[in-house]
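The values are calculated or read from the model by the stated rules, or taken from the named source; none is laboratory data. Please read all numbers here as calculations on a predicted model, not as lab measurements. Cβ coordinates were reconstructed from backbone atoms using ideal geometry, including for glycine residues, and neighbour counts include every protein chain displayed. Ligands, DNA and RNA are stripped out before the accessible areas are found, and what is left, the full protein with its side chains, is counted by its heavy atoms. Shrake-Rupley method; radii C 1.70, N 1.55, O 1.52, S 1.80 Å.
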Amino acid sequence: MPKKVLAMMLLVLMALAAFWLWPKAETAVVVVDKPQLEAIAEPRAKVDAQTAAPVQMDQYQQEELQQSFSLLSQAYAAELTYPSYSRPLSAADHQLLNPNHFDTVALPLEAGASASLVLPKYRFSYPEAVVFKLVMAGLSPQNVKAELREQQSGKVLAQADLTASVDAAEWAHQFDAIESWDGAMELVVVFEAEGKTQQLQTGLDYSYPVATITGIGSSSSRGADLVIPVNLDVKKAGMYRLRANLFTESKQPLAVLTAEGKLTEGSATLDLKAFKQVLQHQGGPYWLGTFVLELRSAMPGESNRYGDSKEPGFVVEAINFGQLSDEPFVVSDEEKQRLQFLQQLAGGK
């Protein structure tokens, strides 16, 4: 069997595994309010004649597929060592340590020249200005213009002619915020070079904060967990998810913590919990930061909205490490079933 076919089969099976592993709480059912054409019945003999024969794999291909599922089951088993609300964090977890990282948009040009669109981050909150710059290498553009647009409607929110820096290598600018800005946006930079019009475009997210982290309360022990109350000022009620990173006092990463809860407008609290094993025998004090505060969408098709924090991080007071119990994390029946399913696939059953 060609490797391409095998790869496609592997993707299908991995998709089935992902479907099984996807948390039920995240599943949304979309009802399409559109009339559907009625199915036309076909003779049974014709249906049977069109049924495709099952694809056969040789022993090598079966072993290769089982090995892939074996790796997947091992990775999932390792995750079950810790509760989902408290996962270990290391310096290698770039995406978790930098959740608002912006990937530079680069455009290669003729004769080795290039143009890059650089932003300090992907997500902005009111009243922050949208700061960006065009960086050129090997070329001097003319008539550099920029526009900020609503992604869905294409409406132009701001526009400007950009001027070069002293060394003529950068064209920096900022669009000052307007209170009504809220949602997905597009930043478009257009310039002329060597008689051609070039364009760079990128997406970004701008939001009026739906809630603000105002501080943290006194930490405490609860079984095997260090509990950190996070205080919020909620401007829009709904289901919130808070993610934050816990570091040692010297800013070495320890854990990524997650909490969810339905909050009403006004003062509210979400409890972040750090499982004892992720603390690596560090009794504190700790540093809590890298917040991502998210208001989950209330219906399919509606975008999530975001909050902000009054400070980039907060000091979590030290605790008596011995107060945390040594009880292990208990895996749920649903998680056990998922692991057994993957192990069965890995065993070719």
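Return the residues of the range 265-276 that are over 26 Å from Glu249 (Cα atoms) and under 25 Å from the mean Cα position of the chain (by Cα); say none if nothing qualifies. Can you show your working first?
Of the range 265-276, the ones over 26 Å from Glu249 (Cα atoms) are 265-268.
Scanning the range 265-276 gives a single hit, Ala268.
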Qualifying positions in the range 200-217 - at pLDDT 95 or above and open to solvent by 70 Å² or more (accessible area, probe 1.4 Å): Gln201
Restricting the range 141-153 to residues that are loosely packed, with under 12 Cβ neighbours inside 10 Å and touching a residue at least 12 places away in the same chain (Cβ under 8 Å), the residue that is farthest from Gly195 (Cα to Cα): Gln152
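Taking strands (runs of 3 or more DSSP E) that fall entirely within the range 73-181, which contain at least 1 residues that are farther than 24 Å from Leu272 by Cβ?
Values: elements: 86-88, 105-108, 114-118, 123-125, 130-137, 142-150, 156-161, 170-175.
Per the criteria, 105-108, 114-118, 123-125, 130-137, 142-150, 156-161, 170-175.
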Selection count, the range 125-134, where residues are modelled with pLDDT of 95 or more and either farther than 30 Å from Lys310 by Cβ or open to solvent by less than 50 Å² (accessible area, probe 1.4 Å) (or both): 4
Residue that is farthest from the chain's Cα centre (by Cα) [pool: residues in the range 162-191 that are under 11 Å from Glu147 (Cβ atoms) and surrounded by fewer than 18 Cβ atoms within 10 Å (Cβ to Cβ)]: Val190
Any hit, the range 222-243, residues being more than 14 Å from Pro83 (Cα to Cα), open to solvent by less than 30 Å² (accessible area, probe 1.4 Å), at pLDDT below 95 and in contact with a strand residue (DSSP E or B) (Cβ under 9 Å, 6 or more places away or on another chain): no
Matching residues, the range 237-262, being over 26 Å from Val210 (Cα atoms) and touching a helix residue (DSSP H, G or I) at 6+ places or on another chain (Cβ under 7 Å): Pro253, Leu254
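Being within 19 Å of the chain's Cα centre (by Cα), modelled with pLDDT of 90 or more and not charged (D, E, K, R): is that true of Leu279 here?
Details: within 19 Å of the chain's Cα centre (by Cα): no; modelled with pLDDT of 90 or more: yes; not charged (D, E, K, R): yes.
Judged against the criteria, Leu279 is not a match.
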